1. Can you tell me how many residues in the stretch 51-71 are surrounded by fewer than 17 Cβ atoms within 10 Å (Cβ to Cβ) and assigned to a helix (DSSP H, G or I)?
2. Which of the residues that make up the stretch 12-26 are surrounded by fewer than 20 Cβ atoms within 10 Å (Cβ to Cβ) and in contact (Cβ under 8 Å) with a residue 60 or more places away in the chain?
3. For the stretch 39-50, which residues satisfy the criterion of being small (G, A, S) and buried (at least 18 other Cβ atoms within 10 Å of the Cβ)?
4. Run T145 past the list (1) surrounded by 17 or more Cβ atoms within 10 Å (Cβ to Cβ); (2) assigned to a loop (DSSP other than H, G, I, E, B); (3) touching a Lys or Arg at 6+ places or on another chain (Cβ under 9 Å); (4) not aromatic (F, W, Y) and report the number of the one that doesn't hold.
5. Working carefully through the options A47, A35, A52, find the one that is under 30 Å from A174 (Cα atoms), of a type in the set (A, V, I, L, M) and under 17 Å from the mean Cα position of the chain (by Cα).
6. From the set of residues in the stretch 111-130 that are touching a helix residue (DSSP H, G or I) at 6+ places or on another chain (Cβ under 8 Å) and surrounded by fewer than 17 Cβ atoms within 10 Å (Cβ to Cβ), which is nearest to A141 (Cα to Cα)?
7. Filtering the stretch 119-142 down to residues that are within 14 Å of G88 (Cβ to Cβ) and assigned to a loop (DSSP other than H, G, I, E, B), which residue is farthest from the chain's Cα centre (by Cα)?
8. Filter the stretch 72-118 down to residues that are farther than 15 Å from Y159 by Cα, at pLDDT below 95 and in a loop (DSSP other than H, G, I, E, B) and give me whichever is farthest from the chain's Cα centre (by Cα).
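The values are calculated or read from the model by the stated rules, or taken from the named source; none is laboratory data. Computed from a prediction, not measured in an experiment: that's the story for all the values here. Here Cβ is always computed from backbone atoms with ideal geometry, including for glycine, and neighbour counts include all displayed protein chains.
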Amino acid sequence: MTKSVPLFSARFLFVRHGESEANAERVIGGSRDVALTDEGRREAAEAAARLAGEEIGSVFASPMLRTWETAEIITKSLNGPEVQAVEGITERRYGVWEGQPKDQFDRAQKPEGGESPEEFNARTIEALQPVVGRPPILIVAHSGTFRALRVHLLGVVAYDSVPNAQPIEFLPPASTGESWTMQPVG
């Protein structure tokens, strides 16, 4: 993969949505607009507590129900700014795999009726272009969005998941030639 110009130049925060109905069922949610579970709402409140000392100037979220509800719980708890929808950071479309057990498929492949990882990553990074230069920001989205950011900024290609509602801090390189880093918050 060729490294393009970094999407961001300043530190930002990322939170994957709280546990969704699809997560609880251990199936691929993808483009299905599933809600948070009670556990997911609790996780979102916990994420807000971890972010309590952070300066957050703008909050951008996928408009999908599970991410939007997570973002609203966080911003309400922090008396933060209004959540702004970014349509292009919705979760990867998994086509015929959606609703199926998530451990049955190789996410490096393109499912019938869905997006390849490369198509999804390109869509996600393009959709995030308007938020560049608006720090300090919080992005509330999906595990796939996290992977796309990690590929773009750190060059790490992996199909693991970030834990539900775990705030992650992305840090730009301290000097030229160094890489972006990331770490959990709280």
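1. Number satisfying all stated conditions: 1.
2. Once the filter is applied, which keeps residues that are surrounded by fewer than 20 Cβ atoms within 10 Å (Cβ to Cβ) and in contact (Cβ under 8 Å) with a residue 60 or more places away in the chain, the stretch 12-26 yields only R26.
3. Passing the criteria: G40, A44, A47, A48.
4. Result: T145 passes all but (2).
5. A47
6. Among residues in the stretch 111-130 that are touching a helix residue (DSSP H, G or I) at 6+ places or on another chain (Cβ under 8 Å) and surrounded by fewer than 17 Cβ atoms within 10 Å (Cβ to Cβ), the one nearest to A141 (Cα to Cα) is E126.
7. V132
8. Among them, the one singled out is N79.
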